[in-house]
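Have a look at the structure below, then the notes.
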Amino acid sequence: MSSGFVDTNALAYSGRAPRPDRQAARTRRWGWWYQAEWRLAGMKAYWSSALGYAVLTPILYLIAMGIGLGTLVDAGSGGVEGVPYLTFVAPGLLVSSVVMAAAGETTFPVVDGFKWGKLYYARSATAASAAQVALGEIVAIALKFAGISLIFWLVLLVAGVVGAGSWPIVVVAVLAGLSFGTPLMAYAATIENEGYQFAMVQRFIINPMFLFAGTFFPLESMPVFLRWIGWISPMWHGTQLARLLAFGLAVPWGMVLVHLAFLLVLAGGGAVLAVRNFTRRLAR
């Protein structure tokens with residue numbers, strides 16, 4: 001399969017350009033990947049800041065939680081869940097970083113594709129379907145989440161916070177990011193006049209989720225009237241699975257299935273809604 005990004009003028013002059021019917025057939029088959037390629041190529045414009053975020057975030061967290069807060073917690077209580085505080089909090093920080101990154105990738109960029117740049121309409125004007133546009137966006141952000149998660153995990157591995165066998169944390173973090181990102185993408189696809197909606201999402205969903213979803217302390221230590229924030233949060237479900245993989249947190253197998261099912265249903269349901277909303281919007 002050839003790349004979706006080629007010098008079309010040079011290809012046309014070379015006489016090697018595929019016939020229009022073949023180009024259309026390729027697009028009908030690989031349109032989702034061409035869309036993902038386009039989105040990933042667009043990320044090159046801010047690759048340095050994205051790389052800085054991916055590398056510096058875990059380092060700063062390690063300093064703050066290992067040398068700072070972690071030292072105080074370990075000295076006062078001997079750690080959390082039988083492990084040093086840094087070991088306890090690190091998997092949650094990895095998952096939360098990916099989940100919060102999902103907000104940046106599935107809000108304004110989606111509105112841009114429909115309203116400002118209108119490049120979704122350009123893609124759907126080809127043989128690619130609206131569903132392929134949506135799926136391509138999801139594939140692109142999933143790959144970015146994988147990169148962020150892998151770098152974060154490697155920093156934790158080098159620092160000795162986690163072992164090499166904990167690598168499935170990367171998969172869990174990507175799933176948690178998609179379980180929050182795909183429903184948000186589906187919602188963003190319905191917005192025609194953005195003015196305050198995403199600010200409300202940040203203020204009333206993302207911030208409470210980060211603070212009260214068990215990232216920094218066990219959910220059971222919170223008042224009962226606040227625990228529900230964790231129960232309905234992909235961040236908590238992902239964090240519990242990550243801690244199980246990182247240091248063997250005691251999670252009953254029944255709850256492991258609940259955590260996985262919660263994340264899969266949100267990610268899958270959000271993807272279905274995103275495809276539906278993209279199709280409705282681009283079919284106008």
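Read-outs: derived from the displayed coordinates by stated rules, not from any lab. Note that the coordinates shown come from a computational prediction; the quantities given were computed from them, not determined experimentally. When we count neighbours, we look across all protein chains shown, and the Cβ atoms used for this are built from the backbone with ideal geometry, even at glycine.
Arranged by the count of other C-beta atoms within 10 angstrom, fewest first, what order do THR239, THR190, THR57 take? Kindly include the intermediate steps, with their values, before the conclusion.
Details: THR239 30, THR190 13, THR57 19.
With the sparsest Cβ surroundings first, the list reads THR190, THR57, THR239.
Hey, fewest Cβ within 10 Å first, where do MET43, MET209 land in order? Please report the intermediate quantities before stating the final value.
Details: MET43 16, MET209 21.
So the ranking, lowest neighbour count to highest, is MET43, MET209.
Rule-of-thumb check for the chain: C-alpha Rg over 2.2 N^0.38 Å? Write down the numbers at each step before the final one.
Values: Rg = 21.0 Å, N = 284, 2.2 N^0.38 = 18.8 Å.
That ratio works out to 1.12.
Distance in nm between label sites at GLN202 and ARG280, each 7 Å beyond Cα in the beta-carbon direction?
2.7
For the pair LEU69 and GLU220, what calculated FRET efficiency results from E = 1/(1 + (r/R0)^6), where r is the Cβ-Cβ distance and R0 = 30 Å, to the nearest 0.05? Provide the component values of the computation, followed by the final result.
Numbers: r = 20 Å, r/R0 = 0.65.
Computed FRET efficiency for GLU220 and LEU69 comes out at 0.95.
Under a crude label model (7 Å from the Cα following the beta-carbon direction), how far is ALA250 from MET43 in nanometres?
3.9
Relative contact order of region 30-282: what whole-number percent is it, with Cα pairs under 8 angstrom and at least 6 residues apart? Could the numbers behind the result be given before it?
Values: 332 pairs, mean separation 71.7, N = 253.
Relative contact order of region 30-282: 28 percent.
Taking 0.36 nm per residue of separation and subtracting the Cα-Cα distance, what length does fully extending TRP228 through GLU81 add? Show your work: numbers first, answer last.
Working: separation 147, 0.36 × 147 = 52.92 nm, distance 2.09 nm.
Length gained between TRP228 and GLU81: 50.8 nm.
Debye sum, Cα scatterers, region 99-217, no solvent: what log₁₀ I/I(0) at q = 0.19, 0.20, 0.21 1/Å?
Cα-only, vacuum Debye calculation for region 99-217: -1.06, -1.12, -1.19.
If you take the beta carbon distance between THR126 and ALA159 as r and set R0 to 41 Å, what does 1/(1 + (r/R0)^6) give as a FRET efficiency, to the nearest 0.05? Before the final figure, lay out each step's value.
Values: r = 47 Å, r/R0 = 1.14.
Between THR126 and ALA159 the formula returns 0.30.
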